[in-house]
1. Positive end of the charge dipole of the chain (Lys, Arg +1 and Asp, Glu -1 on Cβ, about the Cα centre): tell me which of Q67, L166, G176 has its Cα farthest that way.
2. Provide the descending list of Cα extents for segment 122-251 along its principal axes, expressed in whole angstroms.
3. Pull out the extension gain between E162 and Q75, defined as 0.36 nm times the separation in residues minus the alpha carbon to alpha carbon distance; nm, one decimal.
4. Any idea what the relative contact order of segment 81-231 is, in percent, if you count C-alpha pairs under 8 Å spaced at least 6 apart?
5. Taking only C-alpha pairs under 8 Å that are 6+ residues apart, what is the relative contact order of the chain in percent?
6. So if I place +1 on the C-beta of Lys and Arg and -1 on the C-beta of Asp and Glu, and nothing else carries charge, what would the dipole magnitude of the chain be about its Cα centre? I want it in debye, nearest 20.
7. What nm distance separates the two modelled labels at F294 and I63, each placed 7 Å from Cα along Cα→Cβ?
8. Order of 26-37, 44-55, 207-218 by packing, highest average Cβ count within 10 Å first?
Amino acid sequence: MNRTALSTQTQNQTQWGIFAVLIASFLWGTTGTAASFAPTLSPLAIGAIAMGGGGLLQALLAIKYIQRNLSKLRQQSMILLLGGLGVGIYPLTFYSSMHYAGVTIGTVVSIGTAPLFTALLERIVDRRELSKRWLISFVLGVIGIVCLSLGESKVTHAAADETHKLLGIVLGCVAGFTYSLYSWCAQKLMQRGIESKASMGMIFGLGALLLLPTLYFTGGNLLHESINIYVAAYMTLIPMFLGYLLFGFGLKTVPASQAVTLTLFEPFIAAIFAMTLVGEHLALIGWMGLALIFGCLLVLAKG
């Protein structure tokens, strides 16, 4: 295969990777709205069942790949543990952030801070040079999420006063860091010769081992209402299971910093659903933020 054909093939694979990450982000963007339909479930229970259940399914689906890569996985135990810890902490802080600060702000802060943390990991640990394209897209994205947060004029959670909103923002930053951590760990495993399904299955399986036991303490009312079961089933199977399969596929060809920045599509979708279905509203500056996030995605998608 000549260089031109190889370059075209690589570019096509990258474009498919970008498309997969965007579809995953769309699915994730529905989680906040879906969770709002089960108000009696605590955010900790929602996070545990959604990510824990989805992670367990990923691990079961990837058993043969994990077995095939077992010797390599054992050599990367520290990366695996860090990734599993990130998966275990992320949903608990993410859904708690939305609970305290509202769907729009919680999602925007959690996902919006992740590209910065991922870039710092790649720069500090991997010594990776960040492209000008990424820097431009990141600046557009950050300005966009700030405008989006400022533009939210109504939060539907009665308890979301200023103190709770601040707590939600802090939890969102923790979620952003842990999200970037497990994304970076998954890609490191792939770069070290471990198959995508084995990498994602093992990391999410470890995360599930941390998350599912918390249901004993937080999910006592899970079976009390049918809507709780429907919401839990949807979030487990669609955004968490299918979404992370697509995200793992994307990470094979898209750098972690670019992939995580592409997930700024998630708060864009979350804001749209929150306004149309949940009843949150945006001022003009919020709409400007959505436009800037969309511009950020366009810049990256051309890469």
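Each reported figure results from applying straightforward, stated rules to the coordinates on display, with no laboratory input. Just so you know, these numbers come straight off a predicted model, no measurement behind them. Every residue, glycine among them, receives a Cβ derived from its backbone with ideal geometry; neighbour counts consider all protein chains shown.
1. Positive-most Cα among the choices belongs to Q67.
2. In descending order, the Cα extents are 49, 38, 22 Å.
3. Residue separation times 0.36 nm, minus the Cα-Cα distance, leaves 26.7 nm.
4. After rounding, I find 43 percent.
5. The normalised contact order for the chain reaches 40 percent.
6. Values: 17 positive and 10 negative charges, 259 e Å.
With only Lys, Arg, Asp and Glu charged at Cβ, the dipole is about 1240 debye.
7. A separation of 4.6 nm, rounded to one decimal place.
8. Taking the mean over residues of other Cβ atoms within 10 Å, the ranking is 44-55, 26-37, 207-218.
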